[in-house]
Amino acid sequence: MLFAGAAQADAVDTLREFVRDVKSARAQFTQTVSSPDGAKKKTSSGSFAFQRPDRFRFSYDKPYQQLIVGDGAKVWLFDADLNQVSVRPAEKAVSGTPAALLAGAGLERDFTLKAQPAADGIEWVLATPKAAEGTVKQLRVGFKGRELAALEITDSFGQRSLLQFSAVQQGVALPADTFRFEPPKGAELMQQ
């Protein structure tokens, strides 16, 4: 039993090392969103990239095209089907979110960390946002060895989103324009 406790403590250390050492990464993801009763709702897929500090990009390709870009100052959300762009100041949009956990600089300041039991070869860490005003209730980050494998988000309504990462490349050079966003011509712009 002592060994299990040490292994769980290592998962928190792995997250701390990931935040400290991995300055950039990119991956593919599949996201499954489930309702509070556990019923499967929808599946989407796309790509993800981040660069510390505070730059990230989630590009959803299927079933709908959507883009979320954090450029360090603002967070842009583009819905291609609606041709609509929402923009918010980063400090209001990112606190207590997966982007803050993966790309932010305040892991211990923003989250309470606790090791969780391993499952299916993944070591899990529970990260609870310290700020209560956000929509994210808790996050679970999963690692296979030292590589980011999964992220589970539970919102304040009990809805769960599981992102499973593949083709993960950590410590890669990313083009600067990865984290820039220009609203398409004719898109409706909503400032928040």
Screening 143, 181 for residues that are surrounded by 11 or more Cβ atoms within 10 Å (Cβ to Cβ) and assigned to a loop (DSSP other than H, G, I, E, B) leaves only 181
Go through segment 41-76 and give me each residue that's charged (D, E, K, R) and crowded, with 16+ Cβ neighbours inside 10 Å.
-> 52, 54, 55, 57, 71, 74
Report the residue count in segment 77-98 for those that are in a strand (DSSP E or B), closer than 20 Å to residue 153 by Cβ and among the hydrophobic types (A, V, I, L, M, F, W, C).
-> 1
Being small (Gly, Ala, Ser) and under 15 Å from the mean Cα position of the chain (by Cα) is the filter here, so list the residues in segment 75-102 that pass it.
-> 90, 93, 95, 96, 99, 100
Hey, residue 154 among the β-branched types (Val, Ile, Thr), within 28 Å of residue 84 (Cβ to Cβ), surrounded by fewer than 14 Cβ atoms within 10 Å (Cβ to Cβ) and free of Cβ contacts under 8 Å to residues at least 60 places away in the same chain or not | no
Answer residue from segment 99-119, given it is outside any helix (DSSP H, G or I) and modelled with pLDDT under 90 and is surrounded by the fewest Cβ atoms within 10 Å (Cβ to Cβ) among those = 105
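Residue-by-condition table, conditions (1) in contact with a helix residue (DSSP H, G or I) (Cβ under 9 Å, 6 or more places away or on another chain); (2) small (Gly, Ala, Ser):
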| site | (1), (2) |
| --- | --- |
| 102 | yes, no |
| 121 | no, yes |
| 129 | yes, no |
| 157 | no, no |
| 171 | yes, yes |
| 191 | no, no |
Given the conditions (1) buried (at least 19 other Cβ atoms within 10 Å of the Cβ); (2) among the polar types (S, T, N, Q); (3) under 16 Å from residue 14 (Cβ atoms), which single one is not true for residue 170?
-> (1)
Within segment 165-174, identify whether any single residue is part of a loop (DSSP other than H, G, I, E, B), more than 17 Å from the chain's Cα centre (by Cα), closer than 29 Å to residue 38 by Cβ and touching a residue at least 60 places away in the same chain (Cβ under 8 Å), and answer yes or no.
-> no
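The values are calculated or read from the model by the stated rules, or taken from the named source; none is laboratory data. Computed from a prediction, not measured in an experiment: that's the story for all the values here. Neighbour counts run over all protein chains shown; Cβ positions are idealised from the backbone, glycine included.
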